[in-house]
Amino acid sequence: MVLANLRSRLVGVMPMPSGKGKVIVAGMPKSGTTAIASLLAKAANVEVCSDPFHQLDSKGVSFREALFSGALPLESLWRQHRSVFGGTVLKDPNFPLFLGELKQLLPEAQFVFIVREPRDNIRSILSRLNIPGNPADGNPLLGNVTGTWSRVLNGTAPDMPGSDYLEKMAWRWRISAERYLENQEGVHLIRYEDFRKDKQGRIEKLAGKLGFDCLKDISPYVDVQFQPKGKMPSNLEGFFGKENLKRIDEIVLPVLKRFGYE
């Protein structure tokens, strides 16, 4: 126990790396971050690390309330759990909310921000969880959603405004987009829709911009389903209902056109 405590203290005071050679991938849940980070790592033949915050949750580390309230600096969390934040390509759906802090913390790292059309992004999350697009419809499965997905739906840790899960996820999309716009200098933007049209081409182009060469052929992997896929509805209005779509639009509209979405 004494040795473990001493090791923990030593790890906590070791200098932070500059981030040189590291690629930070940020984006909303179900925006393509897992696929893009995984394919990028395969193309560049480097290690990928996914969802360090979820890994810490799985280890029983209590940090979210303190981190998202500002009581615990991200740097302190990173110092104490360096191995969880390892890998050359590192992605987490919470990273958009810390984009400015990450750029200061890792000044030599490179950053990629993934964005997906917000209504389709929210639809994808709900379809993945088998939750209706109209909160008024209710769903007995809603209470069974736990862990990371429960926080996303309920807008907790990080706390989000909104009266129900549609508004809370719309606000999360908007705030994530705003963090990118505030810190976009030097950050590579990838729209999920563009990635879907030419997965291999987009990954190879991104890898080149990031300075990776001697790329491996990723064609056997481009159609791998990296996360469970929800059922695709015939149209968004049928899934959400007209009034619910309007509620989402009112929240995301101020930044929607900045990403080429109408």
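The values are calculated or read from the model by the stated rules, or taken from the named source; none is laboratory data. Predicted model only: the values in this text are computed from it and were never measured. Please note: Cβ atoms are built from the backbone with ideal geometry, for glycine as well, and neighbour counts cover all protein chains shown.
Points to keep in mind about this one:
- Only a single item in (1) under 24 Å from Ile131 (Cβ atoms); (2) without any contact (Cβ under 8 Å) to a residue 12 or more places away in the chain is not met by Leu236, and it is number (2).
- Residue check for Leu129: in contact (Cβ under 8 Å) with a residue 60 or more places away in the chain, within 25 Å of Phe259 (Cα to Cα) and aliphatic (A, V, I, L, M): no
- Failed criterion for Pro15 (all others in (1) assigned to a loop (DSSP other than H, G, I, E, B); (2) under 16 Å from the mean Cα position of the chain (by Cα) hold): (2)
- Residue match in the range 174-193 (condition: touching an Asp or Glu at 6+ places or on another chain (Cβ under 7 Å) and either within 30 Å of Gly21 (Cβ to Cβ) or among the small types (Gly, Ala, Ser) (or both)): yes
- Qualifying residues in the range 225-262 (those that are assigned to a helix (DSSP H, G or I) and of a type in the set (A, V, I, L, M)) - the one surrounded by the fewest Cβ atoms within 10 Å (Cβ to Cβ): Leu253
- Candidate set: the range 128-186, residues that are among the small types (Gly, Ala, Ser) and assigned to a helix (DSSP H, G or I); chosen: the one farthest from Gly238 (Cα to Cα): Gly147
- Yes/no for Gln200 being part of a helix (DSSP H, G or I), at pLDDT 95 or above and of a type in the set (S, T, N, Q): yes
- When Leu189 is tested against (1) in contact with a strand residue (DSSP E or B) (Cβ under 6 Å, 6 or more places away or on another chain); (2) in a loop (DSSP other than H, G, I, E, B), just one condition goes unmet, and that condition is (2).
- Failed condition for Lys216, given (1) part of a helix (DSSP H, G or I); (2) touching a residue at least 40 places away in the same chain (Cβ under 8 Å); (3) among the charged types (D, E, K, R): (1)
- Yes/no for Ala170 being at pLDDT 95 or above, surrounded by 18 or more Cβ atoms within 10 Å (Cβ to Cβ) and small (Gly, Ala, Ser): yes
- In the range 152-194, the residue that is nearest to Pro93 (Cα to Cα) out of those that are aromatic (Phe, Trp, Tyr) and within 16 Å of the chain's Cα centre (by Cα) is Trp173.
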